[in-house]
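> Here it is, the structure, as structure tokens.
Read-outs: derived from the displayed coordinates by stated rules, not from any lab. This structure is a prediction, so every number in the text was calculated from the model and none was measured. All Cβ positions, glycine included, derive from the backbone under ideal geometry; neighbour counts span all protein chains shown.
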Amino acid sequence: MIDVRTLPDAWETIDRLTGSEASEKDSLYDIYYKISMALFDYREEHKLSQKKLAEILGVTQPMVAKLESGDYNYTVEQLWKIATKLNFKFNIDFEMAPEYTVRQENKDNDCAQSGINPPVRVPMINLLKLKEKKQQSQGKSKTE
């Protein structure tokens with residue numbers, strides 16, 4: 001019988017096989033999912049067939065199926081047209097991610113000579129990933 005504690009971590013294996021690009025695209029797929037569900041929910045709420053929704057949007061029924069599949073790469077223009085025709089609120093937030101200030105020792109800096117460490121800006125996403133990895137490693141050591 002196989003001892004499951006000796007098996008490699010499934011997520012590490014997936015990351016190794018797919019590379020970091022796959023996990024980086026998770027948020028993109030979340031956006032696709034939200035859009036597809038909004039379209040599907042709209043159609044269901046208004047008791048429309050895909051064909052009828054296609055007529056409203058000025059596209060074909062197979063295109064509506066693609067839009068609802070969550071596996072379609074929308075253009076900004078397509079999203080704007082859909083939002084306009086269905087009276088959806090449409091906005092895009094394209095801004096810097098929040099950052100977190102940490103202290104780092106720097107001997108070449110004037111601040112270091114006075115005993116003050118200069119602040120270094122680190123993207124919050126990197127800190128969250130480090131925290132997640134730390135929690136995962138702590139969880140492994142507790143189960144071993």
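> Label-point separation (nm) for A97 and S137, each offset 7 Å from Cα along Cα-to-Cβ?
2.0
> Something else about it: Determine ³J(HN,Hα), in whole Hz, for all residues of region 33-41 in sequence, where each value follows from phi through the Karplus function 6.51 cos²θ - 1.76 cosθ + 1.60 and θ = phi - 60°; x replaces Gly and Pro.
Working through the residues one at a time gives 5, 4, 5, 5, 5, 5, 5, 4, 4 Hz.
> What is the calculated FRET efficiency for F88 to E12, with r their C-beta to C-beta distance and R₀ = 30 Å, to the nearest 0.05?
The computed FRET efficiency comes out at 0.15.
> Counting other C-beta atoms within 10 Å, which of E55, E132, E95 has the fewest, and how do the rest follow?
Exposure proxy ranking, most exposed first: E95, E132, E55.
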